[in-house]
1. Please indicate, with yes or no, whether at least one residue in the range B:212-227 is out of contact with any Lys or Arg (no Cβ under 9 Å at 6 or more places or on another chain), in a loop (DSSP other than H, G, I, E, B) and not β-branched (Val, Ile, Thr).
2. Out of the residues in the range A:25-73 that are over 30 Å from B:Arg130 (Cβ atoms) and among the charged types (D, E, K, R), state the one that is least open to solvent (accessible area, probe 1.4 Å).
3. I'm checking my understanding of the structure. Among residues of the range B:322-346 that are touching a residue at least 40 places away in the same chain (Cβ under 8 Å) and buried (at least 22 other Cβ atoms within 10 Å of the Cβ), which one is farthest from B:Gly474 (Cα to Cα)?
4. B:Cys314 versus (1) outside any loop (DSSP other than H, G, I, E, B); (2) buried (at least 16 other Cβ atoms within 10 Å of the Cβ): which is the lone unmet condition?
5. Can you find a residue that is of a type in the set (Asp, Glu), under 29 Å from the mean Cα position of the chain (by Cα), open to solvent by less than 80 Å² (accessible area, probe 1.4 Å) and farther than 30 Å from B:Ser68 by Cα anywhere in the range B:453-462?
6. Given B:Val132, B:Val105, B:Val137, which one is touching a strand residue (DSSP E or B) at 6+ places or on another chain (Cβ under 7 Å), modelled with pLDDT of 85 or more and not in a helix (DSSP H, G or I)?
7. Quick check on the range B:211-226: of everything there that is in contact (Cβ under 8 Å) with a residue 12 or more places away in the chain and open to solvent by 40 Å² or more (accessible area, probe 1.4 Å), which residue is farthest from the other protein chains (Cβ to nearest Cβ)?
8. Out of the range B:381-425, which residues are in contact with a Phe, Trp or Tyr (Cβ under 9 Å, 6 or more places away or on another chain), open to solvent by less than 10 Å² (accessible area, probe 1.4 Å) and in a loop (DSSP other than H, G, I, E, B)?
Amino acid sequence: MRLGFRLFFVAIYFTSVLLFAACLRNANDRTFYKICAARVAQNRLKQQLTGKQLRLENLINPANVAQQINPPK
Amino acid sequence: MKNLRVSISLFGLLTVIFLALIARCVYLQYFNNPKYVGLCDKQQQTIAMLKPQRGVILDCRGRVLAASKELQTVFVEPRILDDPKQTASELAEVLDVGAHIICKVITDGANPGFVKIKQGVDVNQASAVRKVRGAGVDYDWQRHYPTGRLASHILGFTSADNRGLEGIELEYDKDLAGSAGKSVFIADAFRRPIRLKEHFADVTDGVGIILTIDSTIQQFAREELYQQYQNYRAESAMAIVAEPKTGAILAMVSLPDFDPEHFNTADTNTLRNRAITDQFEPGSLIKPVVMAIALDDKVVNTTEKIFCEDGSYCGKGFGCISEYRNGFANLNVREILVNSSNIGMAKVGQRMGKEKLYNGLKLFGFGKETGIDLPGEAPGLLWPTPKWTGYSVTRIPFGQEITVTAMQLVKSFCMLANGGRPVRPHVIKAVVDNEGNIVKMTQAPPPVAYCVDPKITKWIITEALTGVVNEGTGKKAKLKKWQVFGKSGTANIAKEGERGYAERQYVASFIAGAPAEDPAVIVLVSVRKPDMSLGKGYTGGTIAAPVAGKIIERTLTYLENSRPSTLPKTTLASKKK
């Protein structure tokens, strides 16, 4: 009877370890995915900002300002 | 007995089959292992290459001159498409392109793994495309130059694969480019990464470069030069604005120019930065330098009179030398420079002799590159003395038999304005990493020995060269606010492939600086082959001097208003007077 319990606990123990490992791996993958998604989003925002900055620089650079003040005849 | 034979035969046959299978397994697992492991990896893995963002190039006030922007590209992988028409119609809705066009592109595509559909889609389109099976979004970097043509020759340009091909882009290509990142992922059936398997390298974006160029001064110089370039229908023109004490180049214009974003369509003749690549005979521009060397060598003094032969000087071994306009009798050193006397300079050259003249010009940096941080700089031509003829010692002092670049002339005048101390022209102020930390900073050169006595350079600047502007050929560069010093030059252009000079073809130049008491800027303007048929003149004093004057006036006014501390106190004081 005792041996039966022991075997049962060992089986439960190993099963739970395997389940826990699977859980951890799953969580790791999810976190990794989230980080990647956040990086992509951050990069996208950065690129949007770069685009806006370049548009602004296009408008305010001395060559363009001079052209606006004295348009070529 | 019969059953036994059958059994043995069967056993033997099975043994042979199993041995063959084992042999095949050994062959596959041992001898052909790398091939199948490779195929397996290819199927299970996906390699992600992260392309680095190319570094920015800023002017000295932090204005963006060049920057890279992400460019999203929609592509499809035809080999995994079940129905190209279905994919095409799904993409058509998102991309606003006809489905039949997309379908044709997909079916005509030569590469079954990648067919480019549209470049430059926005964020919303990119996210919608990612939901379409078989379609994906790749990215690349596109270089932008917000100032357009303004500083095209300094910045240069990049190729479609983001490699620097000219200017700063080429010179600092390695630093600007950064390094790519590489990771290997385990991928699912749709090639989507599930888990990171191996990480080889992080992506490192390129460093930023801050130039000494000020785009406002660059605009002043370009605007003024362009006007004159068009008025005189010149072949080319260039202007350089420099800080004499540090050698920092504040502006450098070369015309004709090009748009760096569309350099493919530009005339190849416009791509050259003439300020550092084109060599020409300097003409009278070199006279103040030769005179400074002569005074330093004590072969002449400032009070002595030299007979200028009334306009025609002939002799055995050096032919005949004449003046540009009128002849002169006795002139002192100042008058020789103010009147730009060729004969006076030839006589000074004869007194100096080969070695002193050659060594002095070498000290001022002629005949070798200035070392400016731009690619393709020409060294100019100053023959070694054994190659000099009888003509050389009388012709070099007024700028013949020697070729120089505009940058060399600016360097030599910076030295005169800097009290005879050598300077190195440079366009890079600092290199900064992605966190904004300074990686490299161009330091002001440490005090070094004088090449020429500072008293002599001071005299040349404040007495002789101010005389050129106040009384001589440089009157058109005169300013009310500041005392300008300068020297004009009208040099003949040598014929190509034969002896002698081309008729009616000149390089009209003027080099100036201000304020004379403590120079803050040096400006060189040079206009090549102005159209003489216009009848407007062709000399340096007529064409280049007014441009130099205007550039100095606008630059000093701008510097005074924007950073008064950088202008010498004498400037402000003299203005108040």
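The values are calculated or read from the model by the stated rules, or taken from the named source; none is laboratory data. Note that the structure is a prediction, hence the values are computed from the model and not measured. Reconstructed Cβ throughout: ideal geometry from the backbone, glycine too, with neighbour counts over all protein chains shown. These area figures cover heavy atoms from the full protein model, side chains too; ligands, DNA and RNA do not enter into them. Shrake-Rupley method; radii C 1.70, N 1.55, O 1.52, S 1.80 Å.
1. no
2. A:Glu57
3. That would be B:Ala346.
4. With (1) outside any loop (DSSP other than H, G, I, E, B); (2) buried (at least 16 other Cβ atoms within 10 Å of the Cβ) applied to B:Cys314, the lone miss is (2).
5. No: zero hits.
6. None of the other options fit; the residue is B:Val137.
7. Step by step, filter the range B:211-226, then rank; the result is B:Tyr226.
8. Selection gives B:Ile402, B:Thr405, B:Gly420.
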